[in-house]
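Here's the structure we're looking at; comments come further down.
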Amino acid sequence: YIKYFLASLTILSIFIGFRIFGSQKIISNLNVVIFASIILIYILEIISFNIIIKGSNYQFDMNKRAAKKLNLTFDERNVRDVYKDLKNKSLNPKLPYARYAFKSDDKIIQTFGTISNSLMILCNESGKWITFQSDRYGFNNPDDLWEQSSIEILLVGDSFIQGHCVESSLNYRGNLESLSKKNVLSIGVAGMGTLNEFAMFKEYGLKIKPKKVVLVYMNNDLDNLFPEKQNKILMEYLNNPLFTQNLINKQDLIDYNIEKAMLNSNILTGDFKLNRFIKFFHLRSLLKEKIKNLIDPNTNTSSSKNIYKRRSKNLPIFYEIIFKFNKLVNGYGGEFFVFIIPAAGEFHGSKKEIAENKKLRLEIYQQLSKNNINVFDVHENVFLNLKNPLDVLPFGDKVKHENHFNELGFELSSKYIYEKIK
């Protein structure tokens with residue numbers, strides 16, 4: 001708060017100086033300017049607040065409108081309402097907070113999974129709120145899988161592996177378990193990039209030495225690498241073969257800190273906070289983001305412009321991660337596979353966006369193949385062969401936004417994955 005104190009002190013000093021030494025006319029004009037400026041700034045803060053809130057609800061609102069157009073039922077409750085309803089039923093729900101960092105004994109702990117052994121409220125894209133019971137490390141698995149002597153398949157990835165937004169029995173883990181009739185485990189968390197996934201595997205996957213490790217990749221993982229490669233802890237996983245935070249033995253500490261952050265989140269406490277409003281939090285956030293994007297366009301990862309140019313900058317570190325991942329798995333006798341899946345923009349983006357993503361997928365496929373990595377392109381070999389590829393997304397062409405696959409999308413790609421790894 002020192003910077004706010006110093007800024008206020010400076011403004012107050014200037015104001016007092018004018019009051020003492022300035023003429024009455026100057027003082028009157030100054031009062032008007034100060035009052036008008038304060039009013040204007042708070043109007044801009046209100047506008048900024050509405051822009052941010054509208055942006056955070058955009059996908060949900062788009063899906064809701066699409067459902068109405070198609071006369072489909074859609075649960076219109078927001079996540080806060082769902083949380084309250086489950087809480088009232090004494091089900092003690094949680095939100096899947098993950099990738100959270102906190103300090104313990106003057107040391108930063110970087111987490112991957114979320115709160116353990118809890119009912120998690122995941123998401124609603126197709127009209128139904130999806131929940132799951134987290135395992136002992138906060139992932140979307142039956143907990144007893146960690147007790148099994150042998151794991152046939154371990155799935156590693158982001159929100160697609162976590163199961164957004166289908167029932168657990170119909171996501172990648174559920175489908176592959178049904179197809180293989182063997183033990184299938186998943187470690188996946190929304191927003192993960194390839195470096196986070198590599199680190200997560202070293203903490204959780206390496207301990208169980210699964211026979212087959214399936215990494216599910218999509219092109220926006222390259223965007224996630226921009227902040228990930230700035231994270232000293234994540235880079236330590238890449239550069240130091242022996243590095244570990246020993247997170248498996250710190251789950252109680254992880255649960256405590258993540259739940260504390262969850263309970264203080266905007267989602268549960270409400271979007272509007274007076275202390276943030278007073279300090280122009282939303283206006284400053286928007287301005288900071290705009291300035292950052294102007295200085296370095298790479299930070300604007302939501303932009304569909306210059307996708308290939310932006311994302312290809314992270315190909316060198318991406319390849320380094322994949323090669324080390326493959327070596328790690330092969331080192332204990334396991335098999336490593338990479339499956340490339342498409343983001344929604346590859347279905348209904350502009351021609352340029354689709355072409356640049358295809359160029360990236362092809363380049364990655366060729367480079368990994370050349371280095372003897374088992375790599376397969378789901379989009380090219382499955383979805384693009386359908387009469388209407390948009391059938392694998394909730395509401396098809398009615399929502400041109402980043403939805404995950406629907407049940408059909410998970411089913412078809414799961415069958416393809418199984419055929420290639422069995």
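The values are calculated or read from the model by the stated rules, or taken from the named source; none is laboratory data. In this text, all values refer to a predicted model and were calculated from it rather than measured experimentally. In this analysis, Cβ positions are derived from the backbone assuming ideal geometry, glycine residues included, and neighbour counts consider all displayed protein chains.
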For this session: Please report, ordered by residue number, the helices (runs of 4 or more DSSP H) entirely within segment 159-245 with at least 3 residues that are hydroxyl-bearing (Ser, Thr, Tyr).
Result: 172-180
Problem set entry | Identity of the residue in segment 207-233, more than 22 Å from Tyr365 (Cα to Cα) and buried (at least 19 other Cβ atoms within 10 Å of the Cβ), that ends up nearest to the chain's Cα centre (by Cα) | Glu228
For this session: Determine the pairs where a residue that is in contact (Cβ under 8 Å) with a residue 60 or more places away in the chain, located within segment 175-204, has a partner that is among the hydroxyl-bearing types (Ser, Thr, Tyr) and in a loop (DSSP other than H, G, I, E, B) with Cβ atoms under 9 Å apart, the partner being 6 or more residues away or on another chain.
Result: Ile187/Tyr137; Val189/Thr114; Lys202/Thr244; Glu203/Tyr137; Glu203/Thr244; Tyr204/Tyr137
Seminar exercise, completed: Counted residues in segment 393-422 being without any contact (Cβ under 8 Å) to a residue 24 or more places away in the chain and closer than 13 Å to Glu125 by Cα come to 1
Problem set entry | Answer residue from segment 186-204, given it is of a type outside the set (Phe, Trp, Tyr) and surrounded by fewer than 24 Cβ atoms within 10 Å (Cβ to Cβ) and is farthest from Leu315 (Cα to Cα) among those | Glu203
Problem set entry | Criterion: under 24 Å from Ser265 (Cα atoms), β-branched (Val, Ile, Thr) and assigned to a loop (DSSP other than H, G, I, E, B) - qualifying residue of Ile121, Ile115, Ile109 | Ile115
Exercise. Can you tell which of Ile130, Ile121 is within 30 Å of Asn231 (Cβ to Cβ), touching an Asp or Glu at 6+ places or on another chain (Cβ under 9 Å) and among the hydrophobic types (A, V, I, L, M, F, W, C)?
Worked result: Ile130
For this session: Would you confirm whether any residue within segment 108-131 is of a type in the set (Phe, Trp, Tyr), farther than 18 Å from Gly205 by Cα, in contact with a helix residue (DSSP H, G or I) (Cβ under 9 Å, 6 or more places away or on another chain) and surrounded by fewer than 20 Cβ atoms within 10 Å (Cβ to Cβ)?
Result: yes
Problem set entry | Number of the condition not met by Leu145 [criteria: (1) surrounded by fewer than 18 Cβ atoms within 10 Å (Cβ to Cβ); (2) over 24 Å from the mean Cα position of the chain (by Cα); (3) not in a loop (DSSP other than H, G, I, E, B); (4) not acidic (Asp, Glu)] | (1)
Exercise. So how many residues does segment 331-353 have that are surrounded by 15 or more Cβ atoms within 10 Å (Cβ to Cβ) and over 17 Å from Val213 (Cα atoms)?
Worked result: 9
For this session: Select from segment 235-256 the residues that are surrounded by 14 or more Cβ atoms within 10 Å (Cβ to Cβ) and acidic (Asp, Glu) and write down the one among them that is nearest to Lys207 (Cα to Cα).
Result: Glu236
For this session: Name the one entry in Asn117, Asn92 that is in contact with a strand residue (DSSP E or B) (Cβ under 8 Å, 6 or more places away or on another chain) and closer than 26 Å to Gly157 by Cα.
Result: Asn117
For this session: Please give the number of the condition Asn293 fails out of (1) surrounded by fewer than 18 Cβ atoms within 10 Å (Cβ to Cβ); (2) modelled with pLDDT under 95; (3) assigned to a loop (DSSP other than H, G, I, E, B).
Result: (3)
For this session: Exactly one condition in (1) at positive phi; (2) modelled with pLDDT of 95 or more is not met by Lys250; state its number.
Result: (1)
For this session: Could you pull out the residue among Tyr172, Tyr204 that is within 28 Å of Glu419 (Cα to Cα), over 18 Å from the mean Cα position of the chain (by Cα) and aromatic (Phe, Trp, Tyr)?
Result: Tyr204
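The rows are residues; the columns are (1) under 30 Å from Ala66 (Cβ atoms); (2) buried (at least 17 other Cβ atoms within 10 Å of the Cβ); (3) touching a strand residue (DSSP E or B) at 6+ places or on another chain (Cβ under 6 Å); (4) of a type outside the set (Val, Ile, Thr).
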| residue | (1), (2), (3), (4) |
| --- | --- |
| Lys305 | yes, no, no, yes |
| Tyr319 | no, no, no, yes |
| Val329 | no, yes, yes, no |
| Ala355 | yes, no, no, yes |
| Leu360 | yes, yes, no, yes |
| Asp397 | yes, no, no, yes |
| Leu412 | yes, yes, no, yes |
| Glu419 | no, no, no, yes |
